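Quick notes on the structure that follows.
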Amino acid sequence: MRILIHAPEAPRWQETLRRELRPTLPNASIVTTQEAGEGPADILVVWKPPASLLACQDASLKAIFNAGAGVDALLSLPGLPDVPIVRLRDAGMGALMADYALYGILHFYRDMDRYRQQQLEHHWQEQPLDDRSAWRVGIVGLGTLGQACAQRIRAQGFEVQGWSRSEKHIEGIKTHHGDTGLTTLLNTSRVIVSLLPDTPETRWLLDEQRLAQLPEGAVVINAGRGTTLDPDALLGLIERGHLRGAMLDVFPDEPLPAQHPLWQDPRVIVTPHVAAPTDVSAGARQFAADILALTRGDSLDTVDPATGY
Ligand code: NDP
Ligand code: OXD
């Protein structure tokens, strides 16, 4: 079996996959495109691969393993082979994403945006502290990462609700789905944390009309995909005073262009797509277990190309 890895920014995939697979698949050849070049494989492990790597695959390809949670970059490539696609499920990202979301919520809830401004003006003034109950958090996209965030934020004493495509029942979390569900969630959340994948259905979902459904003074956190939220609409609502601020990790164009007004606005925190880096060891352990399952003919949890995630 030939496992070809294309993840030049994360060299530890090869070493960890080798370690995990050696006891069961001692003869598997596990090589990177950097050392072996592009060519046919039985299994591809890739993060944002070039289309040329897909173009040289043949009938021996059994599956593609996407070394990240979002599959948008992979699914958008022309000539994607018709084989099962497996993506990372959590792989250490849930805990880090929950840190990120919690940081953003506390930043605004504890008035750090206002204290920062006061500091710049050398102005000493205590801000009245809200009760946590006034800061209901809405998680838009209640999947692996959304649920990890929901549980942690709830454990910190915030009321949490969430929205997903399918109906869900999660203890302690009010859940919504469908168009009306999204409106209800937006109308009743002081902060939203968006963790949506980029799919044909979610693209530009959080547009001006939907963002305006948030109550006055609400805060937006987006760490899913930049294409799910219209940044100009967001900025307009902040400038008009309807929204208080935002923390954004993902953008329609990355890196965020140097001239983009989001860089300048003190009410917006911009981070460079770092909310939840993958724990490569955990990811490689998942993929090793999945590759072994594949060799046994067991069914795998795979991406649905029709829904796009
Ligand atoms: P999941 O696939 O587990 O969850 C996606 C969630 O979005 C699910 O709850 C799904 O609903 C919901 N969803 C998808 N389409 C729709 C729709 N049309 N309407 C309503 N809800 C919808 O993904 P993860 O939680 O693992 O990851 C989420 C995203 O986070 C990734 O796709 C990636 O883009 C991003 N990401 C960002 C990182 C960063 O560092 N900024 C790091 C890692 C991931 P349902 O539950 O019903 O299927
Ligand atoms: C991912 C990401 O999708 O890092 O894994 O954005």
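The values are calculated or read from the model by the stated rules, or taken from the named source; none is laboratory data. Note that this is a predicted model, so its numbers are computed, not measured. Methodologically, a virtual Cβ is constructed for each residue, glycine included, from the backbone with ideal geometry; neighbour enumeration extends over all protein chains shown. Protein only, heavy atoms only, side chains kept; ligands, DNA and RNA dropped before computing areas. Shrake-Rupley method; radii C 1.70, N 1.55, O 1.52, S 1.80 Å.
By the Cα gyration tensor, region 15-107 has an equivalent ellipsoid whose semi-axes, rounded to whole angstrom, run 29, 19, 11 from largest to smallest. Spin-label model, residue 281/residue 307: points 7 Å from Cα along the beta carbon direction are separated by 3.2 nm.
Might you report the magnitude of the Cβ-based charge dipole of region 93-270 about its Cα centre, with Lys and Arg at +1 and Asp and Glu at -1, to the nearest 20 debye? Don't jump to the answer; show the numbers that get you there.
Details: 17 positive and 23 negative charges, 95 e Å.
Here the size comes out at about 460 debye.
When DSSP beta bridges are restricted to pairs lying wholly in region 93-270, around 5% turn out antiparallel. For region 15-23, putting each phi into the Karplus relation 6.51 cos²θ - 1.76 cosθ + 1.60 with θ = phi - 60° gives couplings of 4, 6, 5, 4, 4, 6, 8, 3, x Hz, in residue order, rounded to whole numbers and with x for Gly and Pro.
Using alpha-carbon pairs under 8 Å, 6+ residues apart, how would you state the relative contact order of the chain in percent? Display every interim value, and only then the final one.
Numbers: 545 pairs, mean separation 53.9, N = 309.
The value is 17 percent.
Taking amide H as placed 1.01 Å from N in the peptide plane, the amide H of residue 269 sits under 5 Å from that of 246, 247, 248, each at least 5 places away or on another chain. A straight Cα-to-Cα reach below 23 Å connects residue 62 with the lysines 48, residues fewer than 8 places away in its own chain not being considered.
Remark on residue 63: its backbone amide H falls under 5 Å from those of 44, a criterion applied only to residues 5 or more positions apart or on other chains, H modelled at 1.01 Å from N.
Over the chain, the fraction of Cα-Cα pairs per 20 Å bin, rounded to whole percents and listed from the shortest bin up, is 31, 51, 17, 1. Projecting the Cα atoms of 97, 11, 24 onto the dipole axis of the chain, where Lys and Arg carry +1 and Asp and Glu carry -1 at the beta carbon, places 24 farthest toward the positive end. Taking all protein chains as they are arranged and a probe of 1.4 Å, the heavy atoms of residue 177 leave approximately 80 Å² accessible to solvent. Charging the Cβ of each Asp and Glu at -1 and of each Lys and Arg at +1, and nothing else, the dipole of the chain about its Cα centre rounds to 680 debye.
Does region 93-270 come out rounded, prolate or oblate, given a ≥ b ≥ c as the square roots of the eigenvalues of its C-alpha gyration tensor, rounded meaning a/c under 1.5 and, failing that, prolate meaning a/b above b/c?
Numbers: a/c = 1.66, a/b = 1.21, b/c = 1.36.
Cα axes put region 93-270 in the oblate bin.
Using only helices, what value at 222 nm comes out for the chain when you add -39,500 (n - 2.57) per DSSP H run of length 4 or more and divide by the total residues, to the nearest 500 deg cm²/dmol? Don't skip to the answer; put the middle values down first.
Numbers: 11 runs with 101 residues, N = 309.
One gets -9500 deg cm²/dmol as the mean residue ellipticity at 222 nm.
Backbone phi angles across region 168-185, fed through the Karplus curve with coefficients 6.51, -1.76 and 1.60 (θ = phi - 60°), yield HN-Hα couplings of 10, 10, 10, 4, x, 10, 6, 10, 9, 8, x, 4, 5, x, 5, 4, 4, 4 Hz in residue order; Gly and Pro are listed as x.
Between residue 122 and residue 95, the simple label model (points 7 Å from Cα in the Cβ direction) yields a spacing of 4.5 nm.
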